[in-house]
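Visitor: Structure in C-alpha cells, see below.
The values are calculated or read from the model by the stated rules, or taken from the named source; none is laboratory data. In this text, all values refer to a predicted model and were calculated from it rather than measured experimentally. In this analysis, Cβ positions are derived from the backbone assuming ideal geometry, glycine residues included, and neighbour counts consider all displayed protein chains.
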Amino acid sequence: MYLSPEHLTNYAETFINVLIDYSPKLISAFLILFVGLYAIRIINRSIRKIMIKRELEPTLTKFLTDILLWVLRVLLFVTFIEKLGIGASSFVAILGAIGLAVGLSLQGSLSNFAGGVLIILFKPFKVGDTIEAQGIIASVSEIQIFSTKLITANNQTVFIPNGALSNGTIINHSMQGYRRADLTFAISYDSDIKKAKDIITNVLKANPKVLKTPGFEVSVKSLTDTSIQLAVRPWATNENFGSITSETLENCKIAFDAAGISIQPFVKGLSKNEA
C-alpha cells in the first residue's frame, strides 16, 4: 500500500487533533492518580497513628491498614480508568472475571486469608504468646495475612498457614499468665513416702519462683510393679516455667541423695522371648 505525502500529512494532523482534544482528559487523569496516591499515603499514615494512639493490637493495626490501603488503591485506579474515558462498568466486569479465575486457582491462599481474619478477630493468641499447634511449640513472632510466623525455643523460624492453624487445635500456654508443671518422681518401695513428700515440699517452699497461689501439690500418683510414683505439681509464671521444672528436678534429686532416698530407674519389662 502506497502512502502519499498528502495521506501522511492528513494522518499526522488527525493524530495531533485527537491528542489535543484528549490531552485535558489525560492530564486530569494523571493528576488525579498522583494526587490520589499521595492522599492515600497520608490517610493510611493518619489511620495507623490513630490506631496506635488508641493502643490497638499491632497485628490488627497492620492488617486493617493494609486492607484499607489496597481498597483505596483499587478505587483510585477505577477512577483513573474512568477519567481516561474507558467505561468503568466494562472494566469492573473484566476485573471481576479475572478475580474469579484467580480465586479458583488460589483457593488455598483464600482459605489462609480467611483463617488470618478469624485469628485476628477471635484472638486465640497474640504476638509474644507461646502456643502449641500442628505439633509445634513455639512463640508467636508475627501474624501475617496468609501465615503465622513462629520462633521455636532453639531459634528456628516456622511458618504455619493460617487456614490450617485456624481450623486445628491451638493450645495457648501464655493466655492465663501462669502455668503448672506436671512432674513425676519414682522412688523405690523401700523409701519412706512421707519423708520423700516432705523433702519435695521443702524444696518447693524454698524456691521463690514457685507461686504461693495457686498452691503446689505433692501426692502419690500410682503404685507400679517397680516403684512408687509421686506427682509434683508446682505453679509458676510463664517466664519462670522452664526454670521451675529444671530447678525442681535438680534440687529434689540432691535432697533425695542427702536423705538416702533412691530414685527408682525405669525398668523395661521382659518379653516372653527374652524371659
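Visitor: Does Thr248 count as among the β-branched types (Val, Ile, Thr), outside any strand (DSSP E or B) and within 30 Å of Ile143 (Cα to Cα)?
Guide: So Thr248 does not fit the description; no.
Visitor: So, of the residues in segment 166-188 that are β-branched (Val, Ile, Thr) and under 18 Å from Leu249 (Cα atoms), which turns out to be surrounded by the fewest Cβ atoms within 10 Å (Cβ to Cβ)?
Guide: Thr184
Visitor: Also, I was wondering about something else. Does Lys212 meet the test of being modelled with pLDDT under 95, under 13 Å from Leu183 (Cα atoms) and out of contact with any helix residue (DSSP H, G or I) (no Cβ under 8 Å at 6 or more places or on another chain)?
Guide: No: the conditions fail for Lys212.
Visitor: Also, I was wondering about something else. Which residue out of Leu76, Leu64, Leu95 is assigned by TED's automatic domain parsing to the domain that holds Ser23, farther than 30 Å from Tyr178 by Cα and at pLDDT 80 or above?
Guide: None of the others qualify; the one that does is Leu76.
Visitor: Quickly run through segment 180-214 and pick out the residues that are under 20 Å from Glu239 (Cβ atoms) and among the polar types (S, T, N, Q).
Guide: Result: Asn207, Thr213.
Visitor: Before we move on, is Thr184 in a helix (DSSP H, G or I), among the hydroxyl-bearing types (Ser, Thr, Tyr) and closer than 30 Å to Phe125 by Cα?
Guide: Spelling it out, it is not the case that Thr184 is in a helix (DSSP H, G or I), among the hydroxyl-bearing types (Ser, Thr, Tyr) and closer than 30 Å to Phe125 by Cα.
Visitor: A further question on this structure: Please work out which residue is modelled with the lowest pLDDT, limiting yourself to segment 110-125 and to residues that are within 10 Å of the chain's Cα centre (by Cα) and within 14 Å of Gln144 (Cβ to Cβ).
Guide: Going through the qualifying residues, I end up with Ile120.
Visitor: Filter segment 201-216 down to the residues that are closer than 14 Å to Glu247 by Cα and hydroxyl-bearing (Ser, Thr, Tyr) and list them by number.
Guide: Thr201
Visitor: Considering only residues that are assigned to a loop (DSSP other than H, G, I, E, B), under 31 Å from the mean Cα position of the chain (by Cα) and of a type outside the set (Asp, Glu), which ones fall in segment 37-86?
Guide: Matches in segment 37-86: Arg54, Leu56.
Visitor: What about Leu37, is it under 22 Å from Gln144 (Cβ atoms) and among the aliphatic types (A, V, I, L, M)?
Guide: Against the criterion (under 22 Å from Gln144 (Cβ atoms) and among the aliphatic types (A, V, I, L, M)), Leu37 does not qualify.
Visitor: Checking Gln264 against (1) crowded, with 17+ Cβ neighbours inside 10 Å; (2) in the same structural domain as Thr184 (by TED's automatic domain parsing); (3) closer than 19 Å to Lys195 by Cα: exactly one of these is not met. Which one?
Guide: With respect to (1) crowded, with 17+ Cβ neighbours inside 10 Å; (2) in the same structural domain as Thr184 (by TED's automatic domain parsing); (3) closer than 19 Å to Lys195 by Cα, Gln264 is out only on (2).
Visitor: Would it be correct to say that Leu211 is without any contact (Cβ under 8 Å) to a residue 40 or more places away in the chain and in contact with a Phe, Trp or Tyr (Cβ under 6 Å, 6 or more places away or on another chain)?
Guide: Yes.
Visitor: What is the residue count in segment 189-227 for residues that are small (Gly, Ala, Ser), surrounded by 14 or more Cβ atoms within 10 Å (Cβ to Cβ) and in a loop (DSSP other than H, G, I, E, B)?
Guide: 2
Visitor: Could you say which residue among Glu55, Glu82 is acidic (Asp, Glu), modelled with pLDDT under 75 and outside the structural domain of Gln144 (by TED's automatic domain parsing)?
Guide: Exactly one residue qualifies, and that residue is Glu55.
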